[in-house]
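The values are calculated or read from the model by the stated rules, or taken from the named source; none is laboratory data. In this text the structure is predicted, and so the values were computed from the model without any measurement. Every residue, glycine among them, receives a Cβ derived from its backbone with ideal geometry; neighbour counts consider all protein chains shown. Surface areas here come from the heavy atoms of the whole protein model, side chains and all, with no ligands, DNA or RNA. Shrake-Rupley method; radii C 1.70, N 1.55, O 1.52, S 1.80 Å.
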Amino acid sequence: MFVEASRMDGEGQLTLTGQLGDVMKESAHLAISWLRSNAKKYHLTNASGSFDLLDNTDIHLHFPAGAVTKDGPSAGVTIVTCLASLFSGRLVRSDVAMTGEITLRGLVLPVGGIKDKVLAAHRAGLKRVIIPQRNEKDLEEIPGNVRQDLSFVTASSLDEVLNAAFDGGFTVNTRPGLLNSKL
């Protein structure tokens with residue numbers, strides 16, 4: 001699944017289009033909330049240079065793919081990465097696929113369907129796949145020839161996702177005292 005994003009002058013609205021279910025809409029709202037709360041840390045600004053990403057700015061997220069209804073939390077990391085690209089002006093690597101549910105604290109939670117998602121990424125010619133760390137065991141189900149063609153990155157936090165999704169990583173102002181979680 002692909003995600004497109006654009007921003008324009010506006011009143012701070014988030015518009016979502018495509019055949020989306022309620023959980024996918026929640027993931028989009030979670031993503032923008034997490035990015036807004038971490039904008040300074042990641043040097044993300046709106047078009048006028050403000051760290052308040054929705055200040056006089058509207059965002060439109062589109063999930064193309066015809067009439068196929070998409071739902072579930074798996075696109076959380078993808079939406080965060082897409083929006084980080086939009087607000088940083090940096091391009092996401094063109095050879096990367098990713099999946100993972102997100103939390104407001106920036107954790108990446110496990111999802112289902114890893115085998116199907118990895119096989120789809122392989123068929124699409126992608127080379128790097130970012131998955132939740134807690135899904136690493138699911139890689140055993142992937143045929144050996146497919147595993148050899150791909151580079152896997154396991155992530156437990158959105159910091160790790162963003163570093164893997166952008167060439168050269170993603171600049172972060174580090175904060176001491178990050179909390180660990182058992183989620």
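Side notes on the structure shown:
- Distance between the modelled labels on LEU104 and VAL172, one decimal in nanometres: 2.0 nm (7 Å Cα→Cβ projection).
- Proximal charge balance of LYS115 [Cβ under 9 Å; K/R count +1, D/E count -1]: -2
- Computed packing ranks the peptides 157-165, 117-125 as 157-165, 117-125, most packed first, by mean other Cβ atoms within 10 Å.
- Value of [θ]222 nm, deg cm²/dmol, for the chain, DSSP H segments ≥ 4, -39500 (n - 2.57) each, nearest 500: -8500 deg cm²/dmol
- Overall form of the chain per C-alpha gyration tensor (a/c, 1.5; a/b vs b/c): prolate
- Each Lys and Arg adds +1 at its Cβ and each Asp and Glu adds -1 at its Cβ; summed about the Cα centre, the chain shows a dipole of about 420 debye.
- Against the main long axis of the alpha-carbon atoms of the chain, helix 76-88 sits at an angle near 50°.
- Crossing angle, helix 22-37 versus the chain [Cα axis fit, 0-90 degrees, rounded to tens]: 60
- Dipole of the chain [Lys/Arg +1, Asp/Glu -1 at C-beta], most positive-end residue of ILE59, SER48, LEU107: LEU107
- Between helix 114-123 and the chain: long-axis angle, C-alpha atoms, 0 to 90°, nearest 10: 90
- Here region 4-165 exposes an accessible surface that is 47 percent carbon and sulfur, computed with a 1.4 Å probe and the other protein chains kept in place.
- All other residues whose Cβ lies under 10 angstrom from that of ILE131 are scored, Lys and Arg at +1 and Asp and Glu at -1, for a net of 0.
- Greater than 26 Å apart at Cα, pairs in LYS25/LYS117; LYS40/LYS115; LYS25/LYS115: LYS40/LYS115
- The charge dipole of region 1-95, taken about its Cα centre with unit charges on the Cβ atoms of Lys, Arg (+1), Asp and Glu (-1) only, comes to about 360 debye.
- Working from Cα pairs under 8 Å separated by at least six residues, relative contact order for region 4-165 is 23 percent.
- In the context of the full set of protein chains, the chain has a per residue accessible area of 52 Å² (1.4 Å probe).
- For region 1-73, chymotrypsin sites (Phe, Trp or Tyr not before Pro) meeting the loop criterion (DSSP other than H, G, I, E, B) and having at most 15 other Cβ atoms within 10 Å: PHE2.
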